[in-house]
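This report refers to the structure that appears directly beneath it.
The values are calculated or read from the model by the stated rules, or taken from the named source; none is laboratory data. As the structure is a computational prediction, the values presented were derived from the model and not from experiment. Glycine also receives a Cβ, built like all others from the backbone with ideal geometry; neighbour counts cover every protein chain displayed. Heads up: the accessible areas ignore ligands, DNA and RNA and are worked out on the full protein's heavy atoms, side chains in. Shrake-Rupley method; radii C 1.70, N 1.55, O 1.52, S 1.80 Å.
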Amino acid sequence: MQNYAYQFKYFDPLNDRLPDPFEIEYIELIHRARKLLTGFTSEQLKVAIEELNQFVRHPDFKNPYRNLDLSTSIPVTDRGQSLEIIPTDNTVQAFYSNINNVSLANFNTLCQFSWSQIFAMMTLFYAELIAGSIHKTNSTEAPPLFPKPTIENLFKKAKENLPEAYQALAYAEVLSDQKHLYEVLKTEKARKASIQKYAQKYSPLRKKIESLYLCDYQNHSMRSAAHKIFNRLVREELVLFDESTNRLTFEGKNVLQNDDPIKQFEKWIAAFKRSTK
């Protein structure tokens with residue numbers, strides 16, 4: 001995990017463009033991240049991202065470099081030299097791993113953001129890193145202790161950061177889609193519950209219709225059978241149909257509201273015949 005100073009000092013998160021040759025590498029990331037931040041201003045993002053510095057210093061934040069499990073080291077070879085590496089979370093993964101550890105309610109501005117929007121903001125921060133490096137390279141303030149990095153050096157570093165930037169964007173888009181998916185699943189759950197309720201509500205009436213059809217009306221057309229069963233149930237005072245409200249009761253319970261209950265009886269008989277073939 002890198003110890004970044006999170007800020008938007010040299011890159012306006014909603015308006016700036018990166019110069020050539022950096023833009024071509026980051027343009028899609030920037031465009032997709034900004035789509036997820038609709039409704040926020042640049043000033044809000046500048047304040048919010050600085051609160052990420054407080055987030056990583058929060059006592060409940062679990063830094064992946066602390067308490068490393070040395071037993072998970074993996075032997076590798078690098079240009080003929082044997083090494084061992086210990087897998088650990090990168091910066092983006094570290095934030096994702098701490099979603100349930102540090103409450104956003106602890107922060108004045110971050111609390112207005114979803115985690116999807118926070119990861120979108122982090123995606124744009126990788127453009128800030130580029131803009132900041134370019135500014136420092138072009139700065140004519142104090143002479144540097146070391147030779148200034150070339151554009152080629154900066155471009156190489158920018159490409160090295162691309163996987164983490166895409167990881168941040170991936171989390172942003174997945175978490176955004178999860179909200180939509182939750183709404184879809186909630187709607188689907190409600191639909192299935194409604195179907196189940198419908199089935200339970202009509203079940204006694206349907207079973208009565210199917211029983212009468214099997215016993216006495218199999219030789220009739222479905223429409224004729226539906227008419228006869230309806231009239232029979234009315235005569236036996238099991239069914240009452242109120243033409244003014246289109247409500248049908250069976251054994252004293254409202255079970256159907258339909259301006260043509262006989263047609264509904266016919267549909268149920270047809271479904272029953274298909275199920276018994």
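Looking only at the range 238-266, which residues have a backbone nitrogen under 18 Å from a spot 7 Å from the Cα of H220 in the C-beta direction?
Only 238-241, 260-266 pass the distance filter.
Under a straight-distance cross-link criterion of Cα-Cα below 13 Å, which aspartates and glutamates are reachable from K273, leaving out those fewer than 8 residues away in the same chain?
Of all the aspartates and glutamates, those that pass the test against K273 - Cα under 13 Å, at least 8 places apart if same chain - are E210.
How much accessible surface area, in Å² rounded to 10, belongs to the heavy atoms of S133 with a 1.4 Å probe?
We get 40 Å² for S133.
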